[in-house]
Every structure is written in C-alpha cells, then in structure tokens.
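The values are calculated or read from the model by the stated rules, or taken from the named source; none is laboratory data. What you see is a predicted model; the values in this text were computed from it and never measured. In this analysis, Cβ positions are derived from the backbone assuming ideal geometry, glycine residues included, and neighbour counts consider all displayed protein chains. Surface areas here come from the heavy atoms of the whole protein model, side chains and all, with no ligands, DNA or RNA. Shrake-Rupley method; radii C 1.70, N 1.55, O 1.52, S 1.80 Å.
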Amino acid sequence: MSSSNTGSAKRDSPVPDISPDNAIEHAKRAFALKKYEQAVDYYATALEHLSRTLGEDSPEIADLYFAYGKSLLENAISQSSVLGKDQPEEEGAEDDKGSSSNGPILSFSGDAEEGVEDGAVDLFAEAAKEVAEADAAEAGEEDDNDEEDAELEDDFNAAWEVLDLARAIYDKQHDADASNEDVALKLADCYIALGDVSLETEKFDQGITDYEVGLTLKSNLLPLSSRQIAEAHYKLSIVLDLTPGRLSDSIKHADQALRSIESRLEELKLAKENPSSLTKAVKPDPKGKGKGKASAVAGINSDAVQNMSATQIEGELKELAELKEELALRIEELKMAPNETLAGSAPALAAQALDKELASKSSPLVPAAVVNDLTNMVRKKKAPTTDGSSAKRKANDGEDSGSEKKLKLDAGAS
C-alpha cells in the first residue's frame with residue numbers, strides 16, 4: 001500500500017511489529033469494540049506486510065482494503081462527532097473566562113486614592129494586556145480548529161481512497177466472472193461504504209450514484225426481507241432528501257425500506273410461530289460455484305432468519321417493530337414537506353418547460369438522451385487508462401450535470 005493512503009491514517013501510538021494474521025485479528029477485535037483508531041493502526045500494519053509480498057493490486061488483499069477503509073471511515077465519523085460535542089463546551093468555557101477576566105479590570109475603577117494618573121495608566125495597561133492575551137488565545141483556537149478540520153478531511157479522503165482501491169479490485173473480478181455472487185455482494189458493500197463517505201462529506205450527487213449502484217447489485221441477489229436491502233433504501237432516501245428536487249425519490253425509497261422491514265417482520269413472525277417451517281441455510285460452495293439466490297443469501301446475508309435462534313428472533317422482532325414506527329413517521333414527515341420543484345423561480349420553470357418541449361421533438365439536430373442501465377455504472381466509474389485496468393476515482397466524480405440540457409436551451413433561444 002502506498003504511503004499516500006496510509007499517511008493520514010497513521011497515529012502517534014505505533015503498533016508493535018506483529019504478523020499480518022495477528023494484526024488482522026487485533027484489528028477485528030478493536031473494530032468490534034468500536035476502538036476504531038486501534039483498528040486503523042492494526043489494519044495498516046497488516047497491509048504494509050501483505051502489500052509488499054502480494055502486491056498492492058492483489059485480489060487476495062481486497063477484503064483487507066475494504067476492512068481498512070471501513071475502519072478509517074468509522075474513525076473519522078467518531079472524531080467528527082467528538083469535535084462537534086466539544087465545541088459548545090469550549091465556547092462556554094471561553095465565556096466564563098471572559099467574565100472572570102473582566103472582574104479585576106472593573107474593580108480598579110474606585111482605587112485611585114494615592115494617585116489618579118498612576119491608577120489610570122495601570123488600568124489601561126492591564127486592560128490592553130488582557131485584550132492581547134484574549135486575541136492570542138482566540139487566534140490559537142482558530143488555528144487548532146483549522147488543523148482539526150484538515151485532519152478530519154484527510155481521514156475521510158483516506159477512507160475514500162482505500163475503499164476505492166477495494167472497489168477497483170472487486171470490479172475487475174466482477175467483470176471477469178459476473179456469476180460470482182460473493183464478489184458481486186462485496187462490490188455492492190464497497191459502493192454502499194463509498195456512499196457513506198460522500199454522505200458524511202456532503203457530496204450528495206456522488207453519494208446517490210454509489211448508493212444506487214450498491215442497491216442494484218444487492219437487489220439482484222438478496223430477498224426483499226434482507227436488512228441489507230432495507231438499509232440501502234434508507235440511506236439512499238436520506239441522501240436524496242438532502243438533494244434539491246429529489247423529495248419524491250426520497251419518499252419512494254423510504255417506502256421501499258418500510259416494505260423491506262415489513263417483509264422481514266412477517267418472516268420473523270413465521271419463524272417464531274412455526275420454527276419447523278424454515279430450513280437452515282445451505283453453506284456456500286467453497287469452489288465459488290453459484291447456486292442461485294440461496295447460495296448468496298447463505299454466504300453473505302448473515303442475518304438470514306434460518307440461522308437465528310429463538311432469542312435472536314424475539315429481540316429482532318422488538319427492534320424492527322420500533323424501527324417500523326420511526327420509519328413510518330419519517331415518511332409522513334417527508335410527505336408533508338414542501339415540494340421543492342414547485343418552489344422554483346419563474347425562469348427556472350420556464351426553462352424546464354422549454355427543455356421538455358425540445359426533448360419531445362425528434363429533431364435531427366438534438367440527439368435523444370441515452371438512458372444507461374444502473375449496472376453499467378460499475379464500469380463507467382473507471383477512469384480510462386492505457387493498460388485498461390481499474391483506476392481510482394476522485395471523490396467529486398459525477399458533478400458535470402446539466403451540460404447537455406444547457407446546450408439544448410441555448411439552441412432553442414437562438
């Protein structure tokens with residue numbers, strides 16, 4: 001792994017020189033305990049060893065790239081939430097400091113019996129000193145905040161780069177064997193994780209693209225009752241809600257997430273009432289030969305109802321019942337939100353109407369827009385290279401929107 005990808009992820013607490021297998025085990029344990037900074041260090045140590053022996057683009061370390069990228073992402077999110085909670089406290093502390101420092105300055109106003117001039121000079125000198133110290137402290141705090149923001153941005157960028165390395169390897173494997181369901185679902189997980197990075201960094205257009213590709217891949221292999229399907233629809237609904245003009249799409253995916261949860265609840269209730277009606281999921285073929293959706297569900301859908309105990313089923317029934325109520329409430333709130341498409345300015349609405357009229361006319365000068373299937377996005381995301389291999393994507397991919405429509409409008413206006 002290149003130093004550019006690990007530089008921002010390294011921490012001051014070095015990991016002892018251990019074998020890659022031990023480092024991975026320590027990383028998994030730290031991640032499970034939500035000690036993401038430790039997980040980052042252990043995964044980085046394992047990658048340094050394996051990338052030297054296997055190569056940075058080796059398919060054998062794709063899973064390690066993905067785990068490392070997830071750890072970087074979770075660590076960045078946790079650091080961001082900690083900084084967000086500390087800011088109000090720091091502001092309050094600064095206010096307290098300011099009020100306490102004002103006390104001695106004001107108290108000098110009645111102490112000029114021995115010499116008014118000397119007292120006045122001391123007062124202003126002390127006041128100037130206090131102001132200078134306060135300005136210096138404020139400037140230092142701003143510099144610290146800038147450094148913290150830059151470090152967080154570096155952490156999110158590192159997470160993106162590492163996850164995109166995993167995506168490129170999985171993408172190449174998927175192109176070589178599209179019937180390999182295990183690789184397809186790992187690729188889908190990678191796109192969902194990339195969408196999470198874009199959501200956290202407020203690059204919503206990129207997040208929509210990645211969530212859509214991940215959801216499409218998962219929907220082709222997993223049943224509606226899978227919690228992975230519900231989660232993907234819900235995340236896509238969130239990022240669409242944060243994107244102007246996509247409210248109706250956000251409601252649609254929130255409805256789909258609710259349908260998935262309801263399907264899951266029905267399956268859990270059936271298993272609780274009649275456990276014998278469900279058969280244990282078949283273990284995946286070690287040779288990787290596909291056996292339809294059943295093998296994919298057994299191999300990747302680890303939360304399959306067939307593999308759950310009675311206690312687990314009872315616990316998830318309660319959890320999903322609460323989640324169903326919350327999601328239904330969110331859908332109602334989304335439906336009551338003002339429709340942003342109707343709130344546009346008159347020129348914007350006129351431009352949209354003109355664009356639709358021009359698009360409806362099959363003029364030879366205006367070619368019809370080509371509609372691409374979502375599954376083709378997996379390939380379209382690769383930057384062209386001379387050797388044809390999968391390349392890294394930039395975090396701001398997909399921001400060139402509306403150029404074709406603008407050309408149509410200019411042509412119509414002339």
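Scanning the range 1-47 for residues that are in a helix (DSSP H, G or I), in contact with an Asp or Glu (Cβ under 9 Å, 6 or more places away or on another chain) and at pLDDT below 90 gives SER4, ASN5, THR6.
Of all residues in the range 255-278, those that are touching a residue at least 12 places away in the same chain (Cβ under 8 Å) and closer than 12 Å to SER226 by Cα have Cβ atoms under 6 Å from Cβ atoms of residues that are open to solvent by 70 Å² or more (accessible area, probe 1.4 Å) and in a helix (DSSP H, G or I), 6 or more apart or on another chain, in ALA257/TYR234; ILE261/LYS324.
In this structure, is GLY214 outside any helix (DSSP H, G or I) and either open to solvent by 10 Å² or more (accessible area, probe 1.4 Å) or closer than 30 Å to ILE313 by Cα (or both)? Judged against the criteria, GLY214 is not a match. Looking only at the range 217-249, residues that are open to solvent by less than 10 Å² (accessible area, probe 1.4 Å), assigned to a helix (DSSP H, G or I) and polar (S, T, N, Q) come to 1 in all.
On the given criteria, is LEU323 under 23 Å from the mean Cα position of the chain (by Cα), modelled with pLDDT of 80 or more and open to solvent by less than 70 Å² (accessible area, probe 1.4 Å)? When the stated conditions are applied, LEU323 passes them.
Conditions tested, residue by residue: (1) open to solvent by 50 Å² or more (accessible area, probe 1.4 Å); (2) at pLDDT 95 or above; (3) in a loop (DSSP other than H, G, I, E, B).
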{"residue": "HIS253", "(1), (2), (3)": "no, yes, no"}
{"residue": "ALA271", "(1), (2), (3)": "no, no, no"}
{"residue": "LYS287", "(1), (2), (3)": "yes, no, yes"}
{"residue": "GLN306", "(1), (2), (3)": "yes, no, no"}
{"residue": "GLY315", "(1), (2), (3)": "no, no, no"}
{"residue": "LEU334", "(1), (2), (3)": "no, no, no"}
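When GLY207 is tested against (1) in contact with a His (Cβ under 8 Å, 6 or more places away or on another chain); (2) open to solvent by less than 30 Å² (accessible area, probe 1.4 Å), just one condition goes unmet, and that condition is (1).
Matching residues to (1) touching a Cys at 6+ places or on another chain (Cβ under 8 Å); (2) open to solvent by 70 Å² or more (accessible area, probe 1.4 Å); (3) aromatic (Phe, Trp, Tyr):
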| site | (1), (2), (3) |
| --- | --- |
| VAL40 | no, no, no |
| ALA44 | no, no, no |
| HIS49 | no, no, no |
| LEU54 | no, yes, no |
| SER58 | no, no, no |
| ALA62 | no, no, no |
| TYR65 | no, no, yes |
| SER71 | no, no, no |
| SER80 | no, no, no |
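Taken over the range 224-272, the criterion of being over 23 Å from LYS335 (Cα atoms) and of a type in the set (D, E, K, R) is satisfied by ARG227, ARG264, GLU266, GLU267, LYS269, LYS272.
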